[in-house]
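Data block below; observations after.
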Amino acid sequence: MDYYYADQDAQSPSDEENARAIAALIEAGFGDCLLLSQDVFLKIMLTRFGGFGYGYILKHFIPRLKRHGVEQPAIDRMLIANPKAVFSRRN
């Protein structure tokens, strides 16, 4: 076995489920607490090898959020303002 997962029946939520959840959190007033991120941990995830690459959120996930009614100011907050606030904090 190459990989071991403690719960073999577990599955990550789909992008559709994630988009619905994020839209609901924004609607509930938690937009100032949200940041979006992704990981690329296998070579086949890179665009060079047929994957979505590092641009996945901007090219694929943001349009999905918009289809769920998330407006541009909320998207800008998750992509610009919220990360700026988190990473500019001093210890």
Notebook entry, point to check: By how many degrees, 0 to 90 and rounded to 10, does the Cα axis of helix 15-27 deviate from the longest principal axis of the chain?
Noted result: 20 degrees
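Compute the convex hull volume of the Cα atoms of the chain, divide it by the residue count, and report the result per residue in Å³ as a whole number.
On the way: hull volume 15.2 nm³, N = 91.
Each residue corresponds to 167 Å³ of Cα convex hull volume.
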Next item on the list: For the chain, set up a Gaussian network in which alpha carbons nearer than 10 Å are linked by springs, and say which option among 65, 25, 42 fluctuates the most.
Entry: 42
Next item on the list: Within 10 Å of each residue's Cβ, count the other Cβ atoms and sort 40, 70, 86 from fewest upward.
Entry: 86, 40, 70
Notebook entry, point to check: Can you give the charge dipole size of the chain about its Cα centre, rounded to the nearest 20 debye, using +1 on the beta carbon of Lys and Arg and -1 on the beta carbon of Asp and Glu?
Noted result: 540 debye
Item checked: Highest-fluctuation residue, 80, 44, 22 considered, GNM on the chain with Cα pairs under 10 Å -> 44
Item checked: Mean residue ellipticity (222 nm) of the chain, computed from DSSP H runs ≥ 4 via -39,500 (n - 2.57), nearest 500 -> -8500 deg cm²/dmol
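Quick note: the coordinates plus some simple rules give every number you see, no bench work behind them. Here the structure is a predicted model, which means the values were calculated and not measured. A quick note on method: Cβ atoms are made from the backbone with ideal geometry, for glycine too, and the neighbour counts reach across all protein chains shown.
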